[in-house]
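Contents: one structure, followed by commentary.
Laboratory data are not the source of any read-out in this text; all were calculated from the coordinates shown. What you see is a predicted model, and the numbers here were worked out from it, not measured in a lab. Cβ placement follows ideal geometry from the backbone for every residue including glycine, while neighbour counts extend to all protein chains displayed.
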Amino acid sequence: MVNKVILIGNLGRDAEIRNLPNGSKVARFPIATNENYKDKAGNWQTITDWHDIVAWRNLADRAERDCKKGNTVFVEGKLRRRKYTDQNGVERIAVEVEAENIRVLDKREINNLDESHQPSKQVSEPAATNDYGTTPFNDSDNGDDLPF
């Protein structure tokens, strides 16, 4: 059986970080994915879905540092259901993606001006690896942010 989720979307807000009493750190943030289609009248429509992401320990540290509102991110993980009781005493169920790998896909501009005031140079994030020590997708710099 497989429980695997892969999402590429935009962060809705900066990662919210909590330090738990046992010393663990957890990050929570939403990402939006869009689906575009033509309706019966031939007009383009967009459906936006929001996904709640949860990252633990070292991945939470990275999310705190790198996951800023508006960034495009690659998230790989698994679906988790969690029961909780809301403020009114009603039992609810939340479905979240527990992240196993997070990668910011936006390119950063490094302000690296020397004495000749050359324009800053664009660099991409260093390649992230998964549990198998491999990069989740081709990281060649071909001018676009698509992972394939």
The alpha-carbon pair-distance distribution computed for the stretch 16-115, with 10 angstrom bins and whole-percent values, is 12, 33, 28, 17, 7, 2, 0
Computed over the stretch 21-65, the Cα gyration tensor eigenvalues, each multiplied by 5 and square-rooted, give semi-axes in Å (largest first) of 38, 8, 5
Note, the stretch 14-21: 3J(HN,Hα) by Karplus (6.51, -1.76, 1.60, θ = phi - 60°), whole Hz, Gly/Pro = x, goes 4, 4, 8, 10, 10, 9, 7, x
Going from the fewest other Cβ atoms within 10 Å to the most, one would list Arg92, Arg28 as Arg92, Arg28
Over 30 Å (Cα to Cα) among Lys25/Lys83; Lys4/Lys69; Lys4/Lys40; Lys40/Lys68; Lys40/Lys83; Lys4/Lys68 -> Lys4/Lys40; Lys40/Lys68; Lys40/Lys83
Using alpha carbon centers only, the stretch 15-67 is separated from the stretch 68-90 by a whole-angstrom value of 8 Å
Any residue on another chain or 5+ positions along whose placed amide H is under 5 Å from the amide H of Gly12 is listed here as Ile31, Ala32, Gly70
